[in-house]
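Undergrad: Before anything else, here's the structure in question.
The values are calculated or read from the model by the stated rules, or taken from the named source; none is laboratory data. This one's a predicted model, so the numbers in the text were calculated from it and none came from an experiment. We place every Cβ from the backbone using ideal geometry, glycine too, and count neighbours over all the protein chains shown. Quick note on the areas: whole protein, heavy atoms, side chains included, nothing else; ligands and nucleic acids left out. Shrake-Rupley method; radii C 1.70, N 1.55, O 1.52, S 1.80 Å.
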Amino acid sequence: MAHIVTPLDQPSNYKDSQSRVDRQMQSDLLSKTSTLYVGNLSFYTTEEQIYELFSKCTTSEDGGGIKRIIMGLDRNTSHAEALACLRYISGTKLDERIIRCDLDLGYRDGRQFGRGKSGGQVRDEHRQDYDPGRGGWGAQAQRAEIERRREVEERYNDAQDVPGAVAGGGGDWKDVSENPLKRARSPDDEGEGGRGEPRAKVEEPEHDPGRM
Amino acid sequence: MSYHHHHRRRGHHKGDYERPDYYETPEQRLRKNIVQYGEVDPAQELPRLANQIFEHAPTNVPTVTEGFRIGVTEQPFKIPYYAALLRLLYDRPVSEEVTTPLGRQVLEDFWKAFREFIDKHAWRETRLCVHFFAHLTVARVISAKSMYELLDAFKEVILNIGSSHDRSTKAALCVAEGLLIAGSAINEDPSLDIPALISAVQTVVEGGGGLPTKLLVHPIVHLHEIRGAFIRAEPKNEPEHAEEWLSCALSVLQALKAKDFAQSADSVPQPYLDYPSLPGELFDLEAILVPPEVEEDGTEGKKGEWSQCYVRIFDDDITPDPTTPVGFILRSNLIDILDIFEVNRKECARLLLEYPKWALPGTFKSKSGAPPQSPTEGKGWDLENTLIETILSAMFLLPESTHKSIYYIALITELCKAQPQSVGPAVGKSIRKLYALLADGLDVEIAHRFADWFAVHMSNFNFIWVWKEWIPDLALVPQHPRRKFMRQAVEYEIRLSYHDRIMRTLPEAMTESTAQVLAVAAPGPDFEYEDAAHAQHETAQGILNLLRGRAKPDDVMLHLESLRNQLSETVTENIDTLLRKITVQSLLSIGSRSFSHFLNAIERYLPLLRNLAAGQISASGSPSAEARGDIMSAVALVWRRSKHMVLIVFDKLMQYQIVDPTDVVAWTFMHYPKVVDGRKEGKVFTGFQWDLLKAALDKANGRVSVQKRKVAALTREADERAARVRANESAAMEVDGDAQLDAAPAGETPQLTAARNAIDVLDREQKAVLRRTMEGFLDCLAVLSIDKEVQEAMSEHKWHNRANWEDKMWEAWETWGWFRNWARTYSSYLSKHDTKEMLEALATSKFPSPDHSAARQFRVIWNIAVGDEPYWDNPEDP
């Protein structure tokens, strides 16, 4: 029924700056992908919160479900489910922030950190506001990113060689999806009673010239 | 603020990165103008658009038709105006040579598109075309007789014995809506048999004399009415607050007929009425034959055999009554909009809010600030309440809504964002009304969806809700549906947010532990052996440290084996159970930091988990039900305070085949109440158990349908290959005359054989899951029947006294509710011949006597679900 209105489940023009495949190839991959990029999450949002919301778009009778959440992306089993997320969830709130969903090419090492040129989040490269939900100022966020990256690398390192660790997939693009932002929890912050007051948040005026 | 950047971004895109808009041909522009007609003022734009079409040179009938086709089938609210536009296209000759009016040419072309919709079984499009033709009949473009014959063709579909209930319903709606619009014109010719059309609709409503299926999908549950179906086909007192859609259509037709369809003019806009009548012959629609249904291959679990019962929240003076002509067509329009614009909820919200523009003046209360309109007798409804009620009624459709709940939820969110001042209060009122209905028998599944909607909605609006108005209800018994709702809504909110945040939104009276609204402690894992005083603390620490240090699975197994030898002398309980408990709890404990940590933990130790699930440690073996039960109990213990984690973990355990869906079902019935709720007896069934059960059933069913799709694809592949081989052979023969008979790949490929065998296995698994579920329910329901008082929960007398019910009465009521939900949700699986026989034999063996009132209630629900004849014997109802 696309005659009257544009469906919301079209992939955006946001592209992965680090991707080595050409545009045509990217769009072919996107037309089949079951990987979803979730943007503008708070660093404090947990994977379980993501799971809770996105599982509302899954159809378990069709053998679907969320396979994996990788620091900011979220992998469903079917393309249809990923499209449903675009139609129903993108632009609504999770953890009191308006989140953005987009189709993603799929997981590859390094992909979990974002689609920006520096390897981090495009948004955070250009952001000039103070956003406590995303590590403060843009530059601060980038420093935090380096730390986070180190920790995540460690975490996913040993998952790779276990049989069945990554459900299927092939070639360069591993069949896993990801979720590029999330607070890197160090073991230290477990003890402080978790999340409390410092969750003040700023409604974002999006400074996002990187999103093209 | 979000709107702002969305707009900006869209503009940004276009300029920089999309190719500049391709050149629009005059044809494309004409089509667009037809489709987008009426954005400003429908009445004024009509003559202008007609002019534009006439002046378009050369005349392009297909383009104009396409505009009409898209307009009519995707914008039902504009159909009366499209009819008016088509009528205007009759007014001028196309040219001096072509005398056939343009309108007639377009209509002939449109007819072809209609035939295609029918051939494709596109029922909604077909029905909307019928609207269009019906308006044209009133506009005196189409002859009343041929319109009647069109409706008569749909009547034949209804009366055809081979038609399914779903197909008959869709055909009946074509008849009903066509008559509603065109009845006044058809009624003028006394030779046309309108009563025959109406009685055809009636036959669908009455459902051929079987048990009324609406008893199973009615949003308001009165168990005594269900049991009453034993002695009377029609319920004595139809529960209120809901309308069965086709019954509404029937009442509408009967009311219209009684007054010779005079009300039609008051129900739908008829902008073409003022036009002068056309000279010459009216257009005759051709006779049609609706092609029979095609059985689709591999459709597991056919849907749509249920009557549509929409919940009604507001009174007739607030929202239109669907049993009146105007109320019916209005809701039909709104539901079509919901379905058509599912692809873009934001546009859908906009169109819904603009709907009054297309309705008759005075239909909705005018907004403050707008020029006052003369109030129309019996109308002046509230737009926002009507929209929210319609959306909710679609979301609460049983057994399943057309789209996922989250669509309707997101749509309501968009409406609220678009007009917070007016939609916000409508949402609030709807929540209060539904909350009130919880005490009057609102279906358990609807209550479940209601809590889900509530939580997601609040999550989008800062979790602001006036909880304090429900404080008095804390005096109700803990298992009262309203108290359950409060608990559930808060739990769901916490899943989307976090404990302290939600606690701050609640009044003090609700945060106290006695209120049982909010869990005392924030959700999180419990590790039984954490306490240093625990007898097994040391043992557990040892295992925990190994896992934490990412020891190899083999090393952990060795350690466990040695522990087994050491402990067997000192421990009194079953040593294997103990080790399983400690190991699984430890594993979850190291994986408790996030979903990813958890996945990594179990993936690393899959070999160990598989052995444990077989009742072993370092050896593999065949599945052990006891061992699997232990594993699941350990999971539930760790995540007792975060129940959704139990769902997530079970899902992964099933995915990695540590446990099977049958194990999950068995555990859900037998162990869940004990492990999680701390009950001694597990003879009740709750909403969370339903979540577990559904996950297991869907997993088993999903495996079968995935496998069937795979076999179908492989078969297709094999057939193609065989065809290619044959083609090559014959080509070879033609060329050199002697056939090279290769060892042709006759028969199946090994993959295909393997895939077929897998289906057999999965089929058995599916049956086992259904059987285990039936056993579980029978265990609850057949035992319940022994308690005299609880058994009487089903009687009408007791129901009226429900204000004084104790917990056990509500629990029994809820358990029946979930059984009813199971039966209707999975009826397509249950009614398969051999499955049905197996399950019925099981039921017969469990119930003490078929005359028992619980046994009878069970029978009615079961028979409706599997489509059996009513069970009329022994009408003496106690």
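Undergrad: Quick one: would you say B:Pro80 is surrounded by fewer than 17 Cβ atoms within 10 Å (Cβ to Cβ) and in the same structural domain as B:Ala43 (by the TED database)?
TA: no
Undergrad: Which fully enclosed helices (runs of 4 or more DSSP H) of the stretch B:473-518 have 1 or more residues being away from every other protein chain (no Cβ under 14 Å)?
TA: B:481-496, B:508-511
Undergrad: I'd like to know if the stretch B:377-396 contains one or more residues that are in a loop (DSSP other than H, G, I, E, B) and crowded, with 22+ Cβ neighbours inside 10 Å.
TA: The answer is yes; a qualifying residue exists.
Undergrad: So, in the stretch B:20-76, of the ones that are among the polar types (S, T, N, Q) and part of a helix (DSSP H, G or I), which residue ends up surrounded by the fewest Cβ atoms within 10 Å (Cβ to Cβ)?
TA: Of the stretch B:20-76, the ones among the polar types (S, T, N, Q) are B:25, B:28, B:33, B:36, B:44, B:51-52, B:59-60, B:63, B:65, B:73, B:75.
The next check asks that each one be part of a helix (DSSP H, G or I); those that pass are B:28, B:33, B:44, B:51-52, B:63, B:65, B:73.
Working: B:Gln28: 12, B:Asn33: 16, B:Gln44: 10, B:Asn51: 12, B:Gln52: 14, B:Thr63: 20, B:Thr65: 21, B:Thr73: 25.
My answer is B:Gln44.
Undergrad: Show me the helices (runs of 4 or more DSSP H) found entirely inside the stretch B:774-852 where at least 2 residues are at pLDDT 90 or above.
TA: Here the list reads B:807-825, B:827-830, B:833-846.
Undergrad: If you don't mind, another one. Please specify each residue of the stretch B:589-605 satisfying the condition of being touching a residue at least 40 places away in the same chain (Cβ under 8 Å) and either of a type in the set (Val, Ile, Thr) or open to solvent by 10 Å² or more (accessible area, probe 1.4 Å) (or both).
TA: B:Ser589, B:Ile590, B:Ser592, B:Ile602, B:Arg604
Undergrad: Regarding B:Ser264, is this residue modelled with pLDDT under 95, of a type in the set (Gly, Ala, Ser) and buried (at least 18 other Cβ atoms within 10 Å of the Cβ)?
TA: Yes.
Undergrad: Also, I was wondering about something else. If you take just the strands (runs of 3 or more DSSP E) that sit entirely in the stretch A:47-127, which of them hold at least 2 residues that are at pLDDT below 85 and facing chain B (nearest Cβ under 9 Å)?
TA: The qualifying strands (runs of 3 or more DSSP E) are A:66-70.
Undergrad: So, in the stretch B:483-510, how many residues would count as being over 21 Å from A:Asp95 (Cα atoms) and surrounded by 16 or more Cβ atoms within 10 Å (Cβ to Cβ)?
TA: Residues flagged as over 21 Å from A:Asp95 (Cα atoms) and surrounded by 16 or more Cβ atoms within 10 Å (Cβ to Cβ) within the stretch B:483-510 amount to 4.
Undergrad: Of the residues that sit in the stretch B:156-173 and are of a type in the set (Ser, Thr, Tyr) and outside any helix (DSSP H, G or I), which one is nearest to B:Ser307 (Cα to Cα)?
TA: Initial filter on the stretch B:156-173 (of a type in the set (Ser, Thr, Tyr)): B:163-164, B:168-169.
Still in the running and outside any helix (DSSP H, G or I): B:163-164.
Numbers: B:Ser163: 15, B:Ser164: 12 Å.
My answer is B:Ser164.
Undergrad: State which residue pairs qualify: first residue more than 14 Å from chain A (Cβ to nearest Cβ) and buried (at least 24 other Cβ atoms within 10 Å of the Cβ) and inside the stretch B:646-673, second residue in a helix (DSSP H, G or I) and among the hydroxyl-bearing types (Ser, Thr, Tyr) in any location, beta carbons under 8 Å apart, and separation of 6 or more residues or different chains.
TA: B:Val665/B:Thr773; B:Trp667/B:Ser633
Undergrad: Inspect all residues belonging to the stretch B:427-446 and state whether any of them is at negative phi and within 14 Å of chain A (Cβ to nearest Cβ).
TA: In the first step, residues of the stretch B:427-446 are kept if they are at negative phi; the result is B:427-440, B:442-446.
Now narrow it down to the ones that are within 14 Å of chain A (Cβ to nearest Cβ): none.
No, because not a single residue in the stretch B:427-446 is at negative phi and within 14 Å of chain A (Cβ to nearest Cβ).
Undergrad: Scan the stretch B:449-469 for residues that are away from chain A (no Cβ under 13 Å) and either open to solvent by 10 Å² or more (accessible area, probe 1.4 Å) or without any contact (Cβ under 8 Å) to a residue 40 or more places away in the chain (or both) and report the count.
TA: Final tally of qualifying residues: 5.
Undergrad: Follow-up question, since we're still on this one. Can you tell me which of B:Ser430, B:Ser422 is of a type in the set (Ser, Thr, Tyr) and surrounded by fewer than 19 Cβ atoms within 10 Å (Cβ to Cβ)? Even if it seems obvious, please write down each step before you answer.
TA: Details: B:Ser430 fails: surrounded by fewer than 19 Cβ atoms within 10 Å (Cβ to Cβ).
The unique qualifying residue is B:Ser422.
Undergrad: Considering each of B:Glu149, B:Glu125 in turn, give the residue that is part of a helix (DSSP H, G or I), open to solvent by 10 Å² or more (accessible area, probe 1.4 Å) and within 11 Å of B:Leu285 (Cα to Cα).
TA: Values: B:Glu125 fails: within 11 Å of B:Leu285 (Cα to Cα).
After ruling out the rest, the residue left standing is B:Glu149.
Undergrad: Taking interchain pairs and intrachain pairs at least six residues apart, which have beta carbon atoms under 7 angstrom, with the first residue in the stretch B:769-783 and under 13 Å from B:Ala823 (Cα atoms) and the second part of a helix (DSSP H, G or I) and charged (D, E, K, R)?
TA: Qualifying pairs under 7 Å: B:Leu778/B:Lys846.
Undergrad: Restricting the first residue to the stretch B:136-153 and requiring it to be farther than 14 Å from B:Tyr82 by Cβ, which pairs with a second residue that is open to solvent by 10 Å² or more (accessible area, probe 1.4 Å) and among the charged types (D, E, K, R) meet a Cβ separation below 6 Å and a spacing of at least six or different chains?
TA: So the pair list comes out as B:Ser143/B:Asp284; B:Ala144/B:Asp189; B:Ser146/B:Asp284.
Undergrad: Is it true that some residue in the stretch B:336-355 is in a helix (DSSP H, G or I), away from every other protein chain (no Cβ under 13 Å) and over 25 Å from the mean Cα position of the chain (by Cα)?
TA: No: the stretch B:336-355 contains no residue that is in a helix (DSSP H, G or I), away from every other protein chain (no Cβ under 13 Å) and over 25 Å from the mean Cα position of the chain (by Cα).
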